[in-house]
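A quick write-up on the structure given underneath.
Just so it is clear, none of the values below were taken in a lab; they were calculated from the coordinates. Not measured: the values here are computed from a predicted model. No Cβ is skipped: glycine too gets one built from the backbone with ideal geometry, and neighbour counts run over all protein chains shown.
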Amino acid sequence: MVDQVHKEFRKRDLLYSVALWLLSLIIPDPQLHYRREYRFRKRDLFYLLSILLIPLVWSDLHFHHLMVLAGIHGILALGLTLFMGYAGQISLGHAAFFGIGAYTTAILTTRYGVPSFLAFWTSALTASFFAFLIGRPILKLKGYFLALATLGFGEIFLVLVRESSGLTGGVIGIFNIPFFSIAGFMFDTYLKQYYLIWGVLIGLVFFLKNLVRSKMGRAFLAVASSEDGASSVGIDVARIKLGAFVIGAAFAGLAGSLFASVMSTANPEIFSLNLSVLIVMMVILGGMGNLYGPIAAAIFLTFMIDGLSRYQEYSLPVYGVILILLLIFFPDGIGTRLRVRLIYLISYWGRKRRREKVEF
Amino acid sequence: MFLLLEEIVKNYDGLRALNRVSLQVRKGTVKGLMGPNGAGKTTLFHLISGMERPDSGRIQFKGKEITGLRTHEIARIGVGRTFQTIQIFGNMTVVENVLTGMHLRIKGGLLSSGFYPPWIKRGEEEAMKEAKEILELFGLFGRWKWFASQLSYGEQKRLEMARALSARPELLLLDEPAAGLTYPEAKQVAETLSRLKETGLTLFLIEHHMGMVMEIADEVAVLNNGQLIAEGPPDVVKRDPRVIEAYLLKK
Amino acid sequence: MDLLYPLPQLLVSGITFGAIYALVGLGFVTIARASQIINFAQGEFVMLGGMITFFLFKGADLPYPLAGLLAVVIVVLIGFILHLLVIYPLRKASLPILLMATLGASLVLSSTSALFFGTLPKALPPFLGSGPFEIGKISISPQSLWVVGATFLVLLSLYLLSHRTFLGKAMEASSTDPLGADLSGIARDRMIFLAFGVSAGLGSLAGIFITPLFYVSYHSGILIGLKGFIAAVLGGWGKHSGAILGGFVLGVVESLSVAFIPSGYKDGVAFMILLLILYFRPKGILGSPFIDSRRW
């Protein structure tokens, strides 16, 4: 009788362990990517296929909606990970570039009838332009002061948007932004929007992967590691930091444009410090210095926030607590050494079982 | 005159770190820079490599004025440098450190690299080959895939030198290349430096290791309290009473 | 002439707010001096000071001064808890992590406050029952005098604490030279723990002082925290005198700005000042002992 209980226990344990081990195969491990392996491997194909096929398999509308949002967050996280994870800087105002992109698209498409495809690229340019302006003086700062300055910029942007109602619709924002369309094909359902956004994201991943394994990628890492060493081999540190900042802003601009074209509205509440914090969390939880981690973290956090929203007014405190816990337990990223931790966990269970056995 | 410093003055918050220092380095020679700790040697290197600006005085390299230029511009002109506190890139692999050294010689801009056209791909492959050859010269080839932070202290110093060389500088500033090394490691460094000199590279090094300086330097300059107190061939300078006094007093 | 008319009045309110910013800024400086950490949850201590006082006074019917005192004690305890649960586990973490953690804590505190106290703004009665009195054309509320006066008292005690007592000097030591402090037997973590308590106390005092003049609500924390930080940077980061000077300068400039630009932009003024100061003189007006390329 006792043996039966133990056997069941063992089977359940095994099931959990196998499930978790499979999960660890799927979750991107920043340490692995960190090892500078840039060849396209089977795992990359697996990710690509699953991204392409999952919405067809799972056709729940809410799921599609969330994945659309997750994709947008993913683009944001990718942009910021170049600046934070590779170049080693910090920005707490990234949501401002998202907002600039969204408003640019909103204004161009609703007031001037610009086709969304054009507005898309213009948004990226506008965001890059502002990043260029703001970056030159700000990037001389380091550490907390850079964080503070970017935060300041984000807040100023928010104030400006709220006050210039003529241009931006003030606190109310802009409505009825047309859906994204190319040559007559309109992306009006969540499914179509999913492929649009994840298509853009995949393209951006290719771009970044190339960038990161080229001399520019090394330049970013060099600047993060030792500015003196980098400049001693001829790297223009200021220009590199600015480049990472501008590219990150361009990505955010693209994300903002897609957001406006998908959600059909743009209003100031979306581009707050909370969003900036969220994007930074995605980069940190994804693990600094890799590309897939922040995307996985974007998916994870988007779903988590949605899951929490059913708790109404408790959602924010719980969210905050979870953030702090994640930071304490996964400062290097959730996927880091996940397999090692799982092995440790499994061995802990094993020891527990053995102890129970002895007692009987 | 290959490297020329004229009347260099540098103050830090009221403390005069360098007081009207003038010296020259001839092309193709090895010059030593010595002096007790705090004499201003590293400060001088900072000024030459552009990390600081002198308060007055001029620096010329290959006949061109480089005073006030920024570090990466000076690197582009052909001045390389290693640091007293090793400044390798611990977040990259060994080979990537050397590849970064070749930054100026590899093709590609921010946007073009993102698209990785075939000409960039070829450039990267060639660079990788060359980088591995450089690592071979420094005995680091076996560890090319390791992360730079995983190397031992001596290996890291070698890596920093390899990286500085991969930029193909004409003048190399070495800040205490033998510091913290064991006797055989230091001997290896001295040999490497002699070989480099034979290839025509001009070396300017800060070093406390009397023996090493005697062996490889053609000329030595000695600083004390921000002032140049002696300059000339090593065995002459070694016997200069002011030099002896400076070292004895500080020690 | 018309433009200058409201200026003296604005000056008065500017000085009042300035005192508040000075207190908040001092809270930042206290923690930063002990640990090189910027506590982004500082503003929440201010908010909680006002909130809890309101709750104890109006909700639990405690006498006003007792409510205030108890609120300070509670917020100090919250400060201690914040250190133990968030800062201490992350004591070896890197900069972005610490930053995010304090921001997360700020979120937890403000949203929990909304949960407990509701989302409506709260106001407290002024300390002295009487209404404002007039000097010339300027009306000054006695609350303002209280604020400024009490601030100076707090400043004086802080000064005495950090420069005359052993505890204070120990806290200074552990920030400027952690290793040396360790070797001299000063428990660095304990110093940081205390610093959090002191900052929380300062913040809650600021909150109690300001609530009678300006309502408090669950989301007022973050903005006032940021402004306090800006004040500290403006005056000279890391110096007590810097936080004080910066606080008053920021308060006055911000207040006076309303005469020249639409009031909606008022909050943006502080951030503009921040960007200007970081660009032109990051060390702040009085200079800073801390700014060094390694950490900052």
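Structural remarks
- Across peptide A:131-143, the average count of Cβ atoms from other chains found within 10 Å of a residue's Cβ is 3.
- Charge dipole magnitude, Cβ of K and R +1, D and E -1 - the range B:108-251, Cα centre, debye nearest 20: 400
- Ordering of C:100-107, B:155-162, C:71-78 by packing is C:100-107, B:155-162, C:71-78, highest average first (other Cβ atoms within 10 Å, averaged per residue).
- Straight-line reach from C:Lys58: taking Cα to Cα under 20 Å and skipping same-chain neighbours fewer than 8 places apart, the lysines in range are C:Lys122.
- Taking every residue in A:59-71 and counting other chain Cβ atoms within 10 Å of its Cβ, the average works out to 0.
- Long-range HN-HN contacts of B:Gln227 with modeled amide H, under 5 Å: B:Asn19
- Calculated P(r) tail over 48 Å for the protein assembly as shown, as whole % of Cα pairs: 33
- Evaluated at q = 0.06, 0.12 Å⁻¹, a Debye calculation over the C-alpha positions of chain A (equal weights, vacuum) places log10 I(q)/I(0) at -0.25, -0.91.
- Cut-off under 5 Å, modelled amide H: who pairs with B:Leu174 long-range: B:Thr82, B:Phe204, B:Leu205, B:Ile206
- Put simply, the convex hull of the Cα atoms in chain B casts, on average, a shadow of 14.4 nm².
- Of C:Phe28, A:Ala238, B:Ile244, farthest towards positive along the dipole that unit charges on Lys, Arg, Asp, Glu beta carbons give the protein assembly as shown: B:Ile244
- Relative packing of peptides A:65-76, A:322-333 - highest average C-beta neighbours within 10 Å first: A:65-76, A:322-333
- For the peptide A:220-226, the mean number of other protein chain Cβ atoms found within 10 angstrom of a residue's Cβ is 6.
- Summed residue charge, Cβ within 10 Å of B:Lys62's Cβ, Lys/Arg positive, Asp/Glu negative: +1
- Per-residue 3J(HN,Hα) values for the range A:217-231, derived from phi via the Karplus relation 6.51 cos²θ - 1.76 cosθ + 1.60 with θ = phi - 60°, read x, 5, 4, 4, 4, 4, 4, 5, 7, 7, 5, 5, x, 5, 5 Hz in sequence order (x marks Gly and Pro).
- Computed from backbone phi with θ = phi - 60° and the Karplus coefficients 6.51, -1.76 and 1.60, the 3J(HN,Hα) list for the range C:110-123 is 6, 6, 5, 5, 4, 5, 6, 9, x, 9, 6, x, 10, 10 Hz; x is used for glycine and proline.
- Note on the range A:54-315: lysine pairs with Cα distance below 28 Å, sequence gap of 8 or more or different chains, count 9.
- Within the protein assembly as shown, percent of DSSP bridges classed antiparallel, to nearest 5: 65
- Whole-Hz Karplus values for the range C:45-59 come out as 4, 4, 4, 5, x, x, 4, 5, 4, 4, 4, 6, 6, 8, x Hz, taken residue by residue from phi with 6.51 cos²θ - 1.76 cosθ + 1.60 and θ = phi - 60°; glycine and proline positions read x.
- Centroid-to-centroid, using Cα positions, the range A:184-202 and the range A:307-336 are 29 Å apart.
- Per residue, the convex hull volume that the Cα atoms of the range B:1-109 enclose (Å³): 147
- Size descriptors for chain C: radius of gyration and Dmax over Cα atoms are 18.8, 64 Å.
- Under 17 Å from B:Lys197, Cα to Cα: lysines that are on another chain or at least 8 residues apart: B:Lys27, B:Lys31, B:Lys187
- Working ranking of peptides B:113-122, A:285-294, B:54-63 by packing, defined as the average number of other Cβ atoms within 10 Å per residue, highest first, is A:285-294, B:54-63, B:113-122.
- Under-5 Å amide H pairs with B:Met34, H placed in peptide plane, nonlocal only: B:Ala221, B:Val222, B:Leu223
- Calculated [θ] (222 nm, deg cm²/dmol) that DSSP helices of n ≥ 4 give over the protein assembly as shown, each run adding -39,500 (n - 2.57): -20500 deg cm²/dmol
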